[in-house]
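The values are calculated or read from the model by the stated rules, or taken from the named source; none is laboratory data. Just so it is clear, the model here is predicted, and its values are computed rather than measured. No Cβ is skipped: glycine too gets one built from the backbone with ideal geometry, and neighbour counts run over all protein chains shown.
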Amino acid sequence: MAAPLVELKDIVKTFGSVIALNGVSTSVDKGQVLCLLGDNGAGKSTLIKTLSGVHIPTSGQIYIDGQPVTFKSPRDAQRSGIATVHQHLSIQPLMSVTRNFFMGNEPTGANKWLGPLGIVQKDFADQKAKEEMAKMGIDIRDPNQVVGTMSGGERQVLAIARAIYFGARVLILDEPTAALGVKQAGVVLKYIAQVRAKGLAVVFITHNVHHAYPVADKFTILKRGQSYGTFMKEEVSREDVLNMMAGGEELAALEAELKEFERSDTAPSSRLEAGAAAQSAVQDNRG
Amino acid sequence: MATTTPTSDERVREVSWFNRLLSRPEFGALAGALLVFIMFTVFSWEDGSSGFLGWRAVTTWLKFSAEIGIIGIGATLLMIGGEFDLSVGSIIGLTSLIVLAPIVLYGWAPWQAILITLAVAVLLGWINGTLVNRTGLPSFIVTLAFLYIYRGLTLVVTRALTGGATRVDIQALVGQNGIEDVPQAREFIRNDWLSQMFSGEVWGSPQLVGFLGNIGLIPVTERRVLDPETGQRIAMELPIIDGIPVAVGWWIVLTILAIILLQRTQLGNWIFGTGGHAESARNMGVPTNRVKILLFMGTAVCATILSMLQVFEAGSSEVLRGQLKEFEAIIVAVIGGTLLTGGYGSVAGAFWGALIYGMIARGVEIVRWMPNDWFRIFLGVGLLAAVLFNTYIRKRATEAR
């Protein structure tokens, strides 16, 4: 079998005395969605930052197409085709669609000798931004419109379209649905499926199993800096994933605890009703 | 989603034409400039003409606007890049000393002093930018420190060079190189290929004005001028203005260059990105630290251009030159629609902002019945109105769904 597009082997990352990641391994291939699940503090962000070049792993190795690589900066990772779409940090709301789309990669055409003083080919940039957004199914009326006028889901799509346009092979989506409503989240999930269909590898970070399950092909579950395991979708049900994420026994204990609350709730609730009745009586008197 | 994408009709377009005009950052400043212009034209109306529109009056308020506008350009670009520079005024003081002292005390050619001073300006900007980048402190604090440091340095060095005075004066040239009096000293400084660009009038404009005076388009009056051949002062019939002040030329040229830089170039996009959200711009590969250093350099160079314009006109560098100019630069940027938080703004807006500032400052003097003391009140109210308007615009831009 050919080597997967991206492979992480025994990644360890420590910050001083804190062990953020302790030997995590996983992989993702072309046309595959890897879902990275874990509770807050499980090490999802650290793993992603390691893969996108923000952190350098303390030990362990990243492989791309089977070749070992070392990323010293986010720029290095981008050159290898790894693009990260951060939840809030990718898009500037006060700038236009075009300016956002080409941020850092402005097309200056032939006048490269001017360096950053090169004149941006605005018509080309406007047209491309519009086209690429249209490919993702969003019709931009005016590429000079300020991104602040777009919805949260559309902004995510802009960041995704941009990453694809600039040659991303691996797309890392950091909590893309966290701040979105149900409908908006659905829109983003649809685009994730679309990106997979284009043959990109997608790493989708979330703690919401209900968003992860429909689009994922593969799950890696992180717990306290360690990998709880990597499973293909065929192997596990939604409930299995949820149980593993929260920790099966812990969840059972929690359920038992919640039952306790339910039982003790019944008695005081009648007292509460009495209180409410007394209050409305006072209001009646005032009226 | 998709409420902004048109589902059907033309109606959306019509509204958006007006909205687009409203949401241009410079719109408020342009409207304000028109308002102030009309106001002073009417207020100064006497005997069938407006004192505010007289040749000499226009030259006066244009020149004053230009001086503020030049530093306003630097401040605007820097503010769009997300930083402040409060050391602008002190840089004006320091560089006016650095440019004049070598000429009058050590016999340098003016062009040598000018080039060295511009290099020093770049260095001062580099220091500001590097410190802000390295320390991560707000530029407000870092440059506030340099406001005091540079002003103090100017005082210390001026006193040391002059043996206790607080100004270096062109007078010191008298007696060197066969220079006999102050007018000759001025002539000596002005007769330099580079210092010509910082003194007098825009190239060619005195000839144009002379021509317009001859054919009667500009009124002439009897004025006393220096006869270049005899060195005597003689009376001549001359147009009431000498030409377009060179500061106005610098202002317009720098404004056009800055607009192209910001709107059209790659660096312009980086400036917006750096000010809007530095981390996301960095993630996209924008060298935000270098952008900031460049912007601080630009601010310092703008300040230095102004300081040289003033020094070559006044013929002296005073310790307090440029005081409070840092705030005037920021006022001009804010009136022009630039956000204090960065990432949004316009150089054209700063142009109109400087014009508003200049028209009010000089207009109050031209309108006879208006007490000069009102100037600061007008300015404060104008500033407040501009900020309120900007906040409103930003809300429209970000919240309209």
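Looking at B:326, B:318, which one is crowded, with 20+ Cβ neighbours inside 10 Å and in contact with a strand residue (DSSP E or B) (Cβ under 9 Å, 6 or more places away or on another chain)?
Numbers: B:326 fails: in contact with a strand residue (DSSP E or B) (Cβ under 9 Å, 6 or more places away or on another chain).
Of B:326, B:318, the one residue that is crowded, with 20+ Cβ neighbours inside 10 Å and in contact with a strand residue (DSSP E or B) (Cβ under 9 Å, 6 or more places away or on another chain) is B:318.
Of all residue pairs spaced 6 or more apart or on separate chains, those with beta-carbon atoms under 7 Å, a first member in the range B:246-274 that is more than 10 Å from chain A (Cβ to nearest Cβ) and a second member that is among the acidic types (Asp, Glu) are B:246/B:201; B:247/B:67.
Can residue B:167 be described as of a type in the set (Lys, Arg) and modelled with pLDDT under 95? Criteria met by residue B:167.
Under 30 Å from residue A:209 (Cβ atoms) and either without any contact (Cβ under 8 Å) to a residue 12 or more places away in the chain or in contact with a Pro (Cβ under 9 Å, 6 or more places away or on another chain) (or both), is that true of residue A:62?
Values: under 30 Å from residue A:209 (Cβ atoms): yes; either without any contact (Cβ under 8 Å) to a residue 12 or more places away in the chain or in contact with a Pro (Cβ under 9 Å, 6 or more places away or on another chain) (or both): yes.
Spelling it out, residue A:62 is indeed under 30 Å from residue A:209 (Cβ atoms) and either without any contact (Cβ under 8 Å) to a residue 12 or more places away in the chain or in contact with a Pro (Cβ under 9 Å, 6 or more places away or on another chain) (or both).
Yes/no matrix, rows are residues, columns are (1) without any contact (Cβ under 8 Å) to a residue 40 or more places away in the chain; (2) at the interface with chain B (Cβ under 10 Å from one of its Cβ atoms); (3) closer than 30 Å to residue B:259 by Cα:
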site	(1), (2), (3)
A:106	yes, yes, yes
A:161	no, no, yes
A:179	no, no, no
A:189	yes, no, no
A:194	no, no, no
A:203	no, no, no
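Scanning the range A:171-189 for residues that are surrounded by fewer than 24 Cβ atoms within 10 Å (Cβ to Cβ) and either at pLDDT 85 or above or part of a strand (DSSP E or B) (or both) returns A:174, A:189.
Just name the residue that is nearest to residue A:153 (Cα to Cα) out of those in the range A:179-207 that are polar (S, T, N, Q) and touching a helix residue (DSSP H, G or I) at 6+ places or on another chain (Cβ under 8 Å). Only one residue tops the list, namely A:184.
Of the helices (runs of 4 or more DSSP H) that lie entirely inside the range B:190-296, those containing 3 or more residues that are assigned by TED's automatic domain parsing to the domain that holds residue B:58 span B:246-264, B:266-276, B:278-283.
When the criteria are applied in full, residue A:98 meets the requirement of being β-branched (Val, Ile, Thr), more than 7 Å from chain B (Cβ to nearest Cβ) and in contact with an Asp or Glu (Cβ under 7 Å, 6 or more places away or on another chain).
Looking only at residues that are touching a Ser or Thr at 6+ places or on another chain (Cβ under 7 Å) and at pLDDT below 85 in the range A:148-159, which one is nearest to the other protein chains (Cβ to nearest Cβ)? Give the derivation first.
First pass over the range A:148-159, keeping only residues touching a Ser or Thr at 6+ places or on another chain (Cβ under 7 Å): A:148-150, A:159.
With the extra rule that they be at pLDDT below 85, the set shrinks to A:148-150.
On the way: A:148: 4, A:149: 5, A:150: 6 Å.
If we take residues in the range A:148-159 being touching a Ser or Thr at 6+ places or on another chain (Cβ under 7 Å) and at pLDDT below 85, then A:148 is nearest to the other protein chains (Cβ to nearest Cβ).
Between A:107, A:143, the distinction of being closer than 25 Å to residue B:345 by Cβ, touching a strand residue (DSSP E or B) at 6+ places or on another chain (Cβ under 7 Å) and of a type outside the set (Ser, Thr, Tyr) belongs to A:143 only. Assess whether residue B:328 counts as being in the same structural domain as residue B:129 (by TED's automatic domain parsing), out of contact with any Ser or Thr (no Cβ under 9 Å at 6 or more places or on another chain) and part of a helix (DSSP H, G or I). In short, yes. Exactly one residue among B:89, B:125, B:74, B:93 is within 28 Å of residue B:248 (Cβ to Cβ) and touching a Cys at 6+ places or on another chain (Cβ under 6 Å), and that residue is B:74.
Right, residue A:80: surrounded by fewer than 16 Cβ atoms within 10 Å (Cβ to Cβ) and over 21 Å from residue A:230 (Cβ atoms) or not? Walk me through it before giving the result.
Details: surrounded by fewer than 16 Cβ atoms within 10 Å (Cβ to Cβ): no; over 21 Å from residue A:230 (Cβ atoms): yes.
Spelling it out, it is not the case that residue A:80 is surrounded by fewer than 16 Cβ atoms within 10 Å (Cβ to Cβ) and over 21 Å from residue A:230 (Cβ atoms).
Take residue A:103 and tell me if it is closer than 21 Å to residue A:164 by Cβ and in contact with a helix residue (DSSP H, G or I) (Cβ under 6 Å, 6 or more places away or on another chain). Yes: the conditions hold for residue A:103.
So which residues in the range A:121-143 are part of a loop (DSSP other than H, G, I, E, B) and facing chain B (nearest Cβ under 9 Å), if there are any at all? Step through it out loud before you land on a result.
Taking the range A:121-143 and keeping what is part of a loop (DSSP other than H, G, I, E, B), we get A:121, A:136-143.
Selection gives A:138, A:139, A:140, A:141, A:142.
Can you tell me which of (1) within 10 Å of another protein chain (Cβ to nearest Cβ); (2) modelled with pLDDT of 90 or more is the one residue A:61 doesn't meet? Every listed condition holds for residue A:61 apart from (1). All conditions in (1) away from every other protein chain (no Cβ under 14 Å); (2) at pLDDT below 95 hold for residue B:9, with the sole exception of (1).
Of all residues in the range B:137-180, those satisfying the criterion of being of a type in the set (D, E, K, R) and surrounded by 13 or more Cβ atoms within 10 Å (Cβ to Cβ) are B:151, B:159, B:167, B:169.
What are the residues in the range A:10-21 that are surrounded by fewer than 16 Cβ atoms within 10 Å (Cβ to Cβ) and touching a residue at least 24 places away in the same chain (Cβ under 8 Å), if any?
As a first pass, look at the range A:10-21 and keep what is surrounded by fewer than 16 Cβ atoms within 10 Å (Cβ to Cβ): A:10, A:14-18.
Matches in the range A:10-21: A:10, A:14.
Of all residues in the range B:336-363, those being within 14 Å of chain A (Cβ to nearest Cβ), of a type outside the set (S, T, N, Q) and under 15 Å from residue B:31 (Cβ atoms) number 1.
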